[in-house]
Amino acid sequence: MIRVAFLPLYTEAWDSLAEVFERMRKDERFEVRVFTIKRKLTGDPEFHGQVEAHEYLESIKVPNTMLGSVDELKAFAPDYTFINYPWQRNYEEQYRAESLVKFTKIAYVPYFLLPMVSEPWDTGVAGHYYRQRSHQLASLIFTQDPNTKRAFKLTERGSKYVKFTGSPKIDSLMKRARKAKTVDRSRYRIVWAPHHSYGPLWLNFGTFTQMHDEMLQFAKSHPEIDIVFKPHPFLLGTLTARELMTQSAVDTWVKAWDALPNTSTNIESDYVGLFVNSDMLLSDGISFLGEYPLITGRPAVFLENKDHWAFSPLGETIANTTLRFKSFEAFAAKFEKLREEGLPDRSEQIEDFMDEAIPFPRKAARKIIKAVVKDFGKQKPLIDPAKVIETTWEQDADARRGVDGVPAQPR
């Protein structure tokens, strides 16, 4: 029997692992357990969030155990431990890749939709998709696109342990979208989903600091419209940690937002129903730009920061499905027309995107399970971190930001 642990630090993207877990727990070849842990996101003073992760998974009927220490995970003796989040700084040290590989094989399924951006200091596939320490120490990596698999050939370990399976996250989103219930409503609903990234060293898609007051005024002047604030989980912490806004300014804005009768905030991990029961998504990036058309068949409205990192070819395919605005002011000026006439038809662009994004429709989880079974049969040894000494993306990122500089990746 193959013993498998799931360690989803980023439970907001449980859908990246959900079908793999469900299929494995019904398969007599596997013994599976899900474990939840604490995490520390940008701006957080300490590690926390374990109870919330546990309760969310329980609410969607995923039994899980809250770990008190890595020894409890070690006692389960998993042959493989699935993670969906590569950024090691957000983990407690005992759950980082360097610790896990001492007793288990890491299997990594990306939490994000697709590799959508390029890095300004490099060409080809962005390094953070394949050169992080978690990538180096994994025994199995499952990629959504063939270009990322090819990029691993440039590393010391090569690409034999990297499997091109497509994205189980996309399969899960589309399956749940087909089953989502629509709610009777008479009011127009906008979902506003701002990203957390600011500055040239990390993505730089965020526009919240430029337009949050304008959005507040927009909500006040459109009392007949419901607006749901759906922030990236890192957003509010990033604003204060990077000194983009003071805590007092953030609190004042949130209080004003919450006080309006037509506004709300949604921090739920499951947003498929929210998207299905909306008329418009307004977002500055990144994954939601692709997820919204996958779920609804409609284009997202892209509020574009002019200095964001360039899209990858696949990312540009996604961006082509959107309705792009260079400023909130430009969007507001066109809103009434959009509300009256509806969003433009992007069905052809969405079809092109889906052709690129879904190479193996509804098969990603099955491909992942097949790869695990095959790998288990080979009885390969655990990865020895002492033998994997290639420079990591994190080390290069720290060098780019300089001493005491702003971290280039989520922290």
Can you say whether P45 is assigned to a loop (DSSP other than H, G, I, E, B) and free of Cβ contacts under 8 Å to residues at least 40 places away in the same chain, as far as the supplied structure shows? yes
Report yes if some residue within the range 215-234 is charged (D, E, K, R), within 24 Å of N90 (Cβ to Cβ), loosely packed, with under 14 Cβ neighbours inside 10 Å and within 26 Å of the chain's Cα centre (by Cα); otherwise report no. no
Selection count, the range 317-353, where residues are free of Cβ contacts under 8 Å to residues at least 24 places away in the same chain, among the acidic types (D, E) and assigned to a helix (DSSP H, G or I): 5
State whether the residues of the range 180-193 include one that is part of a strand (DSSP E or B), among the aromatic types (F, W, Y) and touching an Asp or Glu at 6+ places or on another chain (Cβ under 7 Å). yes
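Okay, residues lined up against (1) on the phi < 0 side of the Ramachandran plot; (2) touching a helix residue (DSSP H, G or I) at 6+ places or on another chain (Cβ under 7 Å):
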site: D122; (1), (2): yes, no
site: Y129; (1), (2): yes, yes
site: R133; (1), (2): yes, yes
site: G158; (1), (2): no, yes
site: K163; (1), (2): yes, yes
site: I170; (1), (2): yes, yes
Complete set of residues in the range 229-238 that are out of contact with any Phe, Trp or Tyr (no Cβ under 7 Å at 6 or more places or on another chain) and either more than 22 Å from G49 (Cβ to Cβ) or not in a loop (DSSP other than H, G, I, E, B) (or both): L236, G237
Quickly run through the range 308-349 and pick out the residues that are under 18 Å from V191 (Cβ atoms) and small (G, A, S). A332, G342
Condition check: basic (K, R), part of a helix (DSSP H, G or I) and surrounded by 22 or more Cβ atoms within 10 Å (Cβ to Cβ). Does K153 satisfy that? no
Of everything in the range 48-68 that's surrounded by 12 or more Cβ atoms within 10 Å (Cβ to Cβ) and small (G, A, S), which residue is farthest from the chain's Cα centre (by Cα)? G49
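Does the range 265-272 contain any residue that is out of contact with any Asp or Glu (no Cβ under 6 Å at 6 or more places or on another chain), crowded, with 19+ Cβ neighbours inside 10 Å, of a type outside the set (S, T, Y) and in the same structural domain as L216 (by TED's automatic domain parsing)?
Residues of the range 265-272 out of contact with any Asp or Glu (no Cβ under 6 Å at 6 or more places or on another chain): 265-268, 270-272.
So of that shortlist, the ones also crowded, with 19+ Cβ neighbours inside 10 Å come out as 271-272.
Checking which are of a type outside the set (S, T, Y) leaves us with 272.
Still in the running and in the same structural domain as L216 (by TED's automatic domain parsing): 272.
So far as the range 265-272 goes, yes, one or more of its residues are out of contact with any Asp or Glu (no Cβ under 6 Å at 6 or more places or on another chain), crowded, with 19+ Cβ neighbours inside 10 Å, of a type outside the set (S, T, Y) and in the same structural domain as L216 (by TED's automatic domain parsing).
The values are calculated or read from the model by the stated rules, or taken from the named source; none is laboratory data. Small disclaimer: the values here were computed from a predicted structure and weren't measured. So basically every Cβ, Gly included, is an ideal-geometry build from the backbone, and we count neighbours across all protein chains shown.
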